[in-house]
Amino acid sequence: MPYSRSENELVSAVMSGKLLVTSPSDTLADAAHRMADRRVGAILVVEDDHLVGILTERDVLRAAGRGTIEGTVSQWMTADPDTVTPDATIGMAAAMMVHGGYRHVPIVDAGNLVGIVSIRDLLTLPSEAPSGA
């Protein structure tokens, strides 16, 4: 039997709670630098402690492809991104990503931003080695 995560495992077990956030009015260049510094592919956009968007490396690349990284985060972000709750399964989150064509999903609990999960988080094996390895 192959060693893998159960699709019924909860996203709360694999999500990152160390959130990188930005404001819609911050510059795209600043947000891109912060993403590069943290070595992450997405930054969550918040306003008054509420999630209003997500800016990903694809958004930054889209701007660069148009010949500029000028402008604000709000001009390039995805507004009102799909979210899941901490009790969603990794199978549900993975299906959302595959069908939606994105690689990051914010985790929201009772209206509060509590984490983010990436496709890499969902595919990473637990740290315990299987027997015989």
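Throughout, read-outs are computed from the coordinates displayed, never taken from laboratory work. All values reported here derive from a predicted model rather than from experimental measurement. Glycine gets a Cβ as well: all are built from the backbone with ideal geometry, and neighbour counts include every protein chain shown.
Under a model in which nothing but the beta-carbon of Lys, Arg (+1) and Asp, Glu (-1) is charged, the chain shows a dipole of about 540 debye around its Cα centre.
Here r is the Cβ-Cβ distance between E47 and T68 and R0 is 25 Å; the resulting FRET efficiency, rounded to 0.05, is 0.60.
Only one residue of T56, T78, S12 has its Cα farthest out toward the positive end of the dipole of region 11-123, where Lys and Arg carry +1 and Asp and Glu -1 on Cβ, and that residue is T56. Treating the angle as unsigned and between 0 and 90°, give the value, to the nearest 10°, between the Cα long axis of helix 90-100 and the longest Cα principal axis of the chain. Approximately 40 degrees, to the nearest 10. Were the residues from D82 through A29 laid out at 0.36 nm apart, the gain over their Cα-Cα distance would be 16.6 nm.
Residues M96, M77, arranged from fewest to most other Cβ atoms within 10 angstrom of their Cβ, appear as M96, M77. The orientation-averaged shadow of the Cα convex hull for the chain, equal to a quarter of the hull surface, comes to 9.2 nm². Once backbone amide H atoms are built at 1.01 Å from N, E47 has V52 as its partners under 5 Å, excluding neighbours fewer than 5 places away on the same chain. Relative to the longest principal axis of the Cα atoms of the chain, helix 28-38 runs at roughly 30 degrees.
From its DSSP helices (H runs of at least four residues, each -39,500 (n - 2.57)), the chain gives a residue-normalised ellipticity at 222 nm of -8000 deg cm²/dmol.
Summary value for the chain: 31 percent relative contact order, contacts being C-alpha pairs under 8 angstrom separated by 6+ residues. Counted by neighbouring Cβ atoms within 10 Å, the residues V108, V11 run from fewest to most as V108, V11.
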